[in-house]
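The structure appears below as structure tokens.
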Amino acid sequence: VADYSPPRWRVLWVEGRLDCRTWSYYCDVRSAFSALHEVIRVSHSSVIEADAATGKCRLDAKRFQLIVVGPRYATNVVNALEPLGFSRAQLATVPLVVLQNKMYTSATELTGSVTAKLQWATNLGAAAGFTWLGSRKAAEFTASGGLPYHWMPFGVDASVYGKFAGNFTDQPFDIGFTGSSGPKYALRAEITAALRSDPARLRTYFGSWDKKNVAGGGGNRWFTLSRVEYVQQIARTKIWVSTTGPEGIVGTRFFEVLASGTTLLLCNRVNETSLWEDGVHLVMFDGMEDMLRKVHHYLSHEEERRAIVTAARTLVLERHTWAARAKFLTRATEEAVARHPPEVPWFVDGKLSPQTGPPRDGGKSLLLGCYMPTNTSHRYQIGLSMPDASSKWGAFLRQEHRLSNRPYKTGWSVAECEDACQVRGAPLFGLFCGGFCHGDAHMRGVCYCGKRQTDSQALRPSATCEQELQCATTCSLDDERPCGGVAAMALYLRQGLAEAPSAIAPPVASHRRNLRRPTRMSSDPPIQEELDYLRETGIDESLFAAVRAAAAGGVTGRRDALLATRFAASGWRCEEAQFHSTEVV
């Protein structure tokens, strides 16, 4: 890709919060891609705006040339209908690529399901997939059908890891190793044991973040090293040992040591010979005896060691930086998009697999809107107030839980919450904490069933599309209705509630200035049920008569009447609010 000049795209990057201290490569690949393109994270308010024709808040497909599902988001997929976190249907014409992560099965860590991940990418209508695992695995994934997969090795920020390049004077350690040394990596334990028992008494630095060391056990602890300290430790060591991971994956540490310009990389045999040349850029070993022999050889032949170290850094600068990976990702995506008929959308919700039923159109329940706490103290207490049981209102919302076959054991889709609350006879239901609530991807919502109106002091409706984004998350790929966010609840009113008409009371607002918002109302609730509710609340009979007369008029009169009745029942004076036929509280 050295001579490739990539186009500049506006890209929507799908990933939650990232701890760059722990998973630096997640951040590095995104940063490198951001240097080529205008990258917008899905949590940014600029993602959503009002549709000029309908007034609804929507994702605008014309604003993006590409969607990238980052590796952290793709890690723990266990279901082919995992949510994308926002409406894929609204961006059906935008190409999407997936940076698949942990595409293997492990009994010792959460890796999701390889089969589900492959089908999930197909369901998303992905143009291409990328894997760290190697060329043979990429070919295997492509052969499974659905979309082309490319092997994209890890990379490195050579400016960070090459900070001490050429400085061979301050290297008090003969050999070093850092990384996990638990049951998943038996070879690493064998290597460190062999080096420790060597009669030559090598000066070693072994930093491991196995459970014993993280908990405070003896020995050097890699877990305590910052990135700067880690770079310094590599530079102060003459030879660094690294091993391939699950499925023979060539990890980030290979490239970090190669980029150092100070330290020789010693590793077990790597199948991917196209990356480098043994004895020229690094040194490979076969077994413990061969490893020890080569350690002693290069410790006693400094010029040979330095020649390999210098050649390795030159190779990295030419081929293995994150900037090169970003170019490769762009070029492969550009080629995939060029092969796709421009008039055909990438995503078709009617072709999802496994098919769990007809696509949801949201007609079963009315979305009342996105409601947010009036202050930060309500952030995790939306609808959780539990008044005295003898109170005439009782509890507004009752939390529901559901165990599911996923790394995150709780969570509901909108459809599941809707069905659960219907069984309980609750006319209102709400979800929050869906989508990107916790940052670790594909979260499903917390479900609440409601029998009465909200506490008007605890919630207020969203007034702008930027605020509406707080609820514009999704909790299932085949049900893309909003399921709330970390500080906002998507509230719904079930339709056809003959079994509990007196319980209907859509939420009221605590601030009049925030009442105006685009409508999502497809049809009005039954007027007779609203009037029955008014009778039970005991409002003034003259107002009741006026409302009933207004409701007998046209659509505009009926809707205005409904709005007036809701405010009257909540103690508002109707003349304080201006009602319009295209607005709903």
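The values are calculated or read from the model by the stated rules, or taken from the named source; none is laboratory data. All of these numbers come straight from a predicted model, not from anything done at the bench. Here the Cβ is made from the backbone with ideal geometry for all residues, glycine too, and neighbour counts use every protein chain on show. The protein model used for the area step is the full one, side chains on, heavy atoms only, and it has no ligands, DNA or RNA in it. Shrake-Rupley method; radii C 1.70, N 1.55, O 1.52, S 1.80 Å.
Structure above, values below:
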read-out	value
Candidates Thr376, Thr356, Thr333, filtered to the one that is within 28 Å of the chain's Cα centre (by Cα), at pLDDT 85 or above, of a type in the set (S, T, N, Q) and more than 30 Å from Cys267 (Cβ to Cβ)	Thr333
Residue selected from segment 116-149 under the condition open to solvent by 20 Å² or more (accessible area, probe 1.4 Å) and among the aliphatic types (A, V, I, L, M), by the criterion nearest to Val348 (Cα to Cα)	Leu118
Test result for Cys465, more than 16 Å from Asn79 (Cα to Cα), buried (at least 19 other Cβ atoms within 10 Å of the Cβ) and modelled with pLDDT of 70 or more	yes
Pairs with Cβ under 6 Å, 6+ apart, first in segment 328-355 and assigned to a loop (DSSP other than H, G, I, E, B), second open to solvent by 70 Å² or more (accessible area, probe 1.4 Å)	Pro345/Thr93
Thr169 vs. criteria farther than 24 Å from Thr263 by Cβ, surrounded by fewer than 21 Cβ atoms within 10 Å (Cβ to Cβ) and not hydrophobic (A, V, I, L, M, F, W, C)	no
Test: Gly411 is closer than 18 Å to Phe86 by Cα, out of contact with any helix residue (DSSP H, G or I) (no Cβ under 8 Å at 6 or more places or on another chain) and either at pLDDT 60 or above or open to solvent by less than 30 Å² (accessible area, probe 1.4 Å) (or both)	yes
Number of the exception - His301 against (1) touching a residue at least 24 places away in the same chain (Cβ under 8 Å); (2) within 30 Å of Asp198 (Cβ to Cβ); (3) out of contact with any strand residue (DSSP E or B) (no Cβ under 8 Å at 6 or more places or on another chain)	(1)
From Thr314, Thr273, Thr330, residue being touching a Pro at 6+ places or on another chain (Cβ under 8 Å) and of a type in the set (Ser, Thr, Tyr)	Thr330
Scan of segment 37-47 for residues that are open to solvent by less than 40 Å² (accessible area, probe 1.4 Å) and at pLDDT 70 or above, ordered by number	His37, Val39, Ile40, Val42
From Pro71, Pro83, residue being in contact with a Lys or Arg (Cβ under 9 Å, 6 or more places away or on another chain), open to solvent by less than 10 Å² (accessible area, probe 1.4 Å) and at pLDDT below 85	Pro83
Failed criterion for Glu15 (all others in (1) within 19 Å of the chain's Cα centre (by Cα); (2) within 22 Å of Leu317 (Cα to Cα); (3) open to solvent by less than 40 Å² (accessible area, probe 1.4 Å) hold)	(2)
The one condition in (1) open to solvent by less than 50 Å² (accessible area, probe 1.4 Å); (2) small (Gly, Ala, Ser); (3) in a loop (DSSP other than H, G, I, E, B) that Ala311 fails to fulfil	(3)
Complete set of residues in segment 292-343 that are under 21 Å from Gly166 (Cα atoms) and acidic (Asp, Glu)	Glu302, Glu303, Glu304, Glu318
Residues satisfying the stated conditions in segment 96-115, i.e. open to solvent by less than 10 Å² (accessible area, probe 1.4 Å) and of a type in the set (A, V, I, L, M)	Leu96, Val97, Val98, Leu99, Met103
